[in-house]
Every structure is written in structure tokens, then in C-alpha cells.
Amino acid sequence: MNIPVWPGSSSFFPGDTPFGFYDYDYNFQLDADRVADFCAKSLGYPLVDIELQSINFYSAFEQAITAYGNELYAYKIRDNYLFLEGNTGSVALNDFLSRPNLGNIIRIAEQYGTEAGTGGNTNWYTGSIPLVVNQQIYDLNQWADVSASLAAGDKIEVKRVFFEKRPAIARYFDHYAGTGNGIQSLSTPFGFGNYALGIDFLLMPVNYDLQKIQAIQFNDEVRRSAYTFELINNKLRIFPIPGDINEGESIKIEYIKKSERNSPYVSGSSGLITDVSNAPYLNPNYTKINSVGKQWIVQYTLALCKQTLGLIRGKYSQIPVPGSEVTLNQSDLLSQAESEKTALIERLRAYFDETSRKTLMERKKDESEYMKNELSNVPLYIYIG
């Protein structure tokens, strides 16, 4: 079978590459034949035949650009993923500048807000526990099974119990603790007789109010039963034991459903960036790649061509010629291709790592330190006035 090999020139046309990622990019069309010519001559043409066709060079060229884009955008995703996760994935990020923000850090920290009762991402529910005369212990798990609309196997966790007496400031004028030692009588001489008793606070310093509140609280501790409760494993023990209670009187609680707190799923997250596989980066725009990137692409294309040519020449280890045999260089080509591809990838990754946000900030820090040290050697003028 007489299969044509590289004739010495080529003419690219859209559709000559396997995937057509860049076929309609004008600069790709111009460079495709130039890269094919460069690779063929680097492989020994015209001194030896190159058992490749133009489509093999075009395929390697397309693959090299895609490999460059994969490395580039994998680096960009690593550097920016904390700011990307959870955002919409509908817009390609190739040509957008990534801006660091605290949105995702706050989202990660919302769980602490839930536990502290200062926000968070878990709903808090309210409930009422009917009081029973002379009953001190109330099983909130039993109450939840009936009243909290729980799914099978779910439990509640009580976050807050509203079982406390009225605050002392609300009983500032209390007949048990005294009512201000008669200072209300000062309101009329001062012309405040038509106003509420709150004007008394204008006549005394704040420390007097604080002492008055403390007196009410101390009075309650000595002369009244202390209002308190104990909550262990959702078993609520209250003090004092309910005696005379009004009909319908109850204890208010706030609680969460454990299934909601433990759920790893964020509702409404469909269509958002959830992992590195759906970060919206497309194949690179070849025209916008600078000369540094294009030079890497050409070198990687040559390594791929060596690999392809080595695999082709491996079909026959030797070719008979008149009076002798020619040994083909399959092993050399494959070895060179593998080492060159590895070296190019490592060089590209090192280059990207040197331009990462962390590395640039460290470099800027070192630069500032060097500048400060340099300026410290500058002699200072002494002014004599």
C-alpha cells in the first residue's frame, strides 16, 4: 500500500482538525501550516521522509493549544476556587478578571452563626410547651414527635427556653422593693407633673438606677422563688414547680431540626459552580495567547509529533533497502517525546505557580523589606535652626 507522506508543504482548511476548536480562528489558520513546516523540518525533512500527513501536524497543534489551556485554567481554578464556588456558572470566565471576596468565606462560617444564635443557615422554629400544675419535668422529644412536624428519624435541638421572670428594669417602681424613695414628689416643683414617671431618671445619676435594679434582683432572690431551668437531652426541668397557673399558660422555646443542620446540600444551588469540573472556563482563544504561550505550544506540538512518528515507525523496526537494512529510530523518538512533554508541562506549571496570588504577595512583601533596608542606608540630614 502506497500511503502518501509529508510532501513538504500543506494548506490548512477548516475541518482538518479532529475537534475543530480553533479552525475558524484566523491566526490559527495562518500558524497551522507554519507549525507543520517547522515540525517537519525539526524531524529531519527533507533529508529523510516524515511518515506524517498535514492532518497529523494539525491534530498535534490543536492538542497542544488545548493542553496549554487546560494547564492555564486549572491553575486559575486553583487560585480562585474559594471565590468561584457557589456562584453562577452560566458565564464563561476566560476573559473576566477574578475579584477576591468574602462571600464564600462567610458562607462557610454561617454554621457558627447557627450555633451562636446570631444568624446562620439553619432555620429556628418556635414552640409552646403547656404548663401542668405540679409537673416539673417536660420531655421535649415527646412534644416534638407530636407538634414539631418532624420527618421520620428526625430530632430537634432546643436552642433557647423563655422561662424567666420579668426583668428588673421593667419593675423599677416595685412595691416590694421600694418605689424610688419619694423622689416622684420632685416632679411637680420642677414643672414635670404632666409627664410620665420616666422623668425621674433625669433627676438621678445612672449609678442610682443600677443600684435600684440590683436591689430588685436581690429582693427576688431572697423573698421569691428563683426562676430557672435545666435542660439535659431535651428534658426540661423548671424551677419553681408550677403551682397556681393561668389557663393556657405555657413555656416558649426555640429549636432547630437536626436534619436541616446536618444536611450537606444547599437548596437552590442547581446551576451554580459546585466543583472544579463545572467552573466555566472554555478552550482558550488562540489569537489572544501571547508569544510566550505560543512558543510553548509550538514546542509541545513538536513533542506530540515525535510521539506520533515514533508510534508509526514502531510498526517496522527495520526496513530492507538494496544490499542492507535501515533501523528506524522509534525508541529514540518516543523517549524524547515523553521527556520533552514532561519538561514542558513542569516548566509551565512552575511558571504559573510563580504568578499565583500567594507567590506575588510574598514577592511584594520581600520587595518592600528590601526597599526599607535600602532606604535605611540613606544618610539623614541634620537641620540646625
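List of remarks:
- Residue within the stretch 301-317 that is modelled with pLDDT under 90, within 30 Å of SER54 (Cα to Cα), touching a strand residue (DSSP E or B) at 6+ places or on another chain (Cβ under 6 Å) and not in a helix (DSSP H, G or I) present: no
- From the list LYS358, LYS341, LYS372, the one residue that fits, being in contact with a helix residue (DSSP H, G or I) (Cβ under 9 Å, 6 or more places away or on another chain), loosely packed, with under 10 Cβ neighbours inside 10 Å and either modelled with pLDDT under 95 or under 30 Å from THR308 (Cα atoms) (or both), is LYS358.
- Test for THR118: is it of a type in the set (Val, Ile, Thr), surrounded by 13 or more Cβ atoms within 10 Å (Cβ to Cβ) and at pLDDT below 90: no
- Of the residues making up the stretch 130-138, at least one is in contact with a Ser or Thr (Cβ under 8 Å, 6 or more places away or on another chain), farther than 28 Å from GLY271 by Cα and among the hydrophobic types (A, V, I, L, M, F, W, C).
The values are calculated or read from the model by the stated rules, or taken from the named source; none is laboratory data. The structure presented is a predicted model; accordingly, all values stated were derived computationally and were not measured. In this analysis, Cβ positions are derived from the backbone assuming ideal geometry, glycine residues included, and neighbour counts consider all displayed protein chains.
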